[in-house]
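Only one structure is covered here, and it is reproduced in the block below.
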Amino acid sequence: MQFPAEPFKIKVVESIRMTTIEERTELLKEAGNNLFSIPAETIFIDLLTDSGTSAMSDRQWAGMMTGDEAYAGSRSFFKFEKTVRDITGFKHVIPTHQGRVAENLLFSLIANENTVIPSNSHFDTTRANIEFHKGTALDLVVDEAYQPELELPFKGNIDLNKLKKVIGEYGKNRIPVCMLTITNNSGGGQPVSMENIREVSKLLKEAGIPLFLDACRFAENAWFIKTREKGYESVPVTQIARELFSYADGCTMSAKKDGLVNIGGFLALNDTELARQITNYLILIEGFPTYGGLAGRDLEAISIGLMEAQDENYLSYRTSQVRYLADLLTEAGISVIRPAGGHAVYLDARKFYPHLKPEQFPGQVLVTELYRHFGIRSVEVGSLMFGKTNPETGEMILPRLDLVRLAIPRRVYTTMHMNYVAEGLKELFKNRAKAKGLRISYEAPVLRHFTARLEEIV
Ligand SMILES: *Cc1c(COP(=O)(O)O)cnc(C)c1O
């Protein structure tokens, strides 16, 4: 079936406040055309992120009631530990309140000014945690990842030749770990093949370098392996997940993605000495090792969510919903990254507004117009997020692409919501010639996209 219907029925609903175009125009003016400064209550469909925005199931909510809040040795921890061990096979399971804390714990102990840490593409918090400890983060994704319209099954793969070169250059003394982000969030949510994971693992084993997975979307990645990689058609997703973890020595995880919860994460690994050091540091910054910054009820909800995320009916629906939206847009002549990733659709804003220069923030123009006319929130991943102004010349240094990401929260929106988003975009596309560019009127010295103010160029 092209698009399986939602494999759940809705037991609890949350009303969305409807706003008018006049109200939203006023809000945009107050917010300096920055969607990070718009109250979420005034948004009709919020596609800002898929992180921590999942709808929990009735079973997860039931788990919230039965969570054990003991400070040490909580029953919910042991259940959580067993679930993570069953899925990953790793010996030591360390709960954290978000994925980036798992990264912080790991890199605090292994990264320094001499270390080089390769990945397919580092997620921004991963890169930031490495760089904060003065290490060097390298992105070695295959070149095909930079061709948005090229339809290939595994555009998240690491380039083995690039990896070999990096290993040859720095060796195991300077590479404490190699990361692999599954699916590759910064590269459009594209999956990594089992073959690639296996070969990366082999190369690293020969060199004596451990492999860690950034496993936030491991279940979505496993589903793509099942549906796109030869030999896995009839292997259950749980077994595929177990196999992909078997090639690694550890993982960092944000349970806010494939844990189907609103907060949580963990670090899991086999190295007993490293796990001991990490646990000691955990007590300092997060909490006792059997709760790690979370409540017992959160651990309970994560244990249940991690299993639900591997349900194949759910994964089929989940990935088809994202693809459905991408296909509607492609059919309408709107350029999106192909194939659709696991968690989001990425629009090519320079192609959407060919009359706007990259310096005029075409991505941010699309984000503001989508909110103004339809109450939809998306996020710019382009000149505003990654561009920089040279303080001496005032000249803009621009990224390769101006993308707009429509991240789809898990189990939250229906097919009709997706149709609404597609119809809205089609209408904007029809009237695209009327859109005016933006310029920055205020920017902070770092991470400017969160607080920048922009005004229309008239
Ligand atoms: C979200 C995310 C993280 C960080 O997790 P948080 O829970 O937001 O701290 C790390 N890596 C990837 C690939 C992510 O998507």
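The values are calculated or read from the model by the stated rules, or taken from the named source; none is laboratory data. Source: prediction; values computed, not measured. No Cβ is skipped: glycine too gets one built from the backbone with ideal geometry, and neighbour counts run over all protein chains shown.
Here are some notes:
- Tally of residues being touching a helix residue (DSSP H, G or I) at 6+ places or on another chain (Cβ under 8 Å) and free of Cβ contacts under 8 Å to residues at least 24 places away in the same chain across the stretch 148-170: 1
- Test result for residue 184, crowded, with 17+ Cβ neighbours inside 10 Å, within 16 Å of the ligand (Cβ to nearest atom) and within 19 Å of residue 310 (Cα to Cα): yes
- Note on the stretch 239-267: residues that are in contact with a Lys or Arg (Cβ under 8 Å, 6 or more places away or on another chain), away from the ligand (no atom under 16 Å from the Cβ) and not in a loop (DSSP other than H, G, I, E, B) total 1.
- Hey, residue 213 among the aliphatic types (A, V, I, L, M), within 16 Å of the ligand (Cβ to nearest atom) and free of Cβ contacts under 8 Å to residues at least 60 places away in the same chain or not: yes
- Out of 308, 300, 273, one residue alone is touching a residue at least 12 places away in the same chain (Cβ under 8 Å) and surrounded by fewer than 24 Cβ atoms within 10 Å (Cβ to Cβ). It is 308.
- Failed condition for residue 196, given (1) more than 30 Å from residue 402 (Cβ to Cβ); (2) not in a loop (DSSP other than H, G, I, E, B): (1)
- Members of the stretch 402-458 found to be within 19 Å of residue 51 (Cα to Cα), at pLDDT below 95 and either touching a His at 6+ places or on another chain (Cβ under 8 Å) or part of a strand (DSSP E or B) (or both), listed by number: 403
- Residue match in the stretch 360-378 (condition: in contact with a helix residue (DSSP H, G or I) (Cβ under 8 Å, 6 or more places away or on another chain) and modelled with pLDDT under 95): no
- When restricted to residues that are under 25 Å from residue 308 (Cα atoms) and either assigned by TED's automatic domain parsing to the domain that holds residue 282 or of a type in the set (A, V, I, L, M) (or both), the stretch 21-48 contains 3.
- Selection count where residues are surrounded by fewer than 24 Cβ atoms within 10 Å (Cβ to Cβ) and near the ligand (Cβ under 10 Å from one of its atoms), scope the stretch 216-226: 0
- Pairs linking a residue in the stretch 88-111 that is within 16 Å of residue 280 (Cα to Cα) to a residue that is among the basic types (Lys, Arg) and more than 9 Å from the ligand (Cβ to nearest atom), with Cβ atoms under 8 Å and 6 or more positions apart or on different chains, are 93/85.
- Taking (1) of a type outside the set (D, E, K, R); (2) outside the structural domain of residue 376 (by TED's automatic domain parsing); (3) part of a helix (DSSP H, G or I) in turn, residue 290 satisfies each apart from (3).
- Within the stretch 96-137, considering residues that are part of a loop (DSSP other than H, G, I, E, B), within 12 Å of the ligand (Cβ to nearest atom) and of a type outside the set (S, T, N, Q), the one surrounded by the fewest Cβ atoms within 10 Å (Cβ to Cβ): 97
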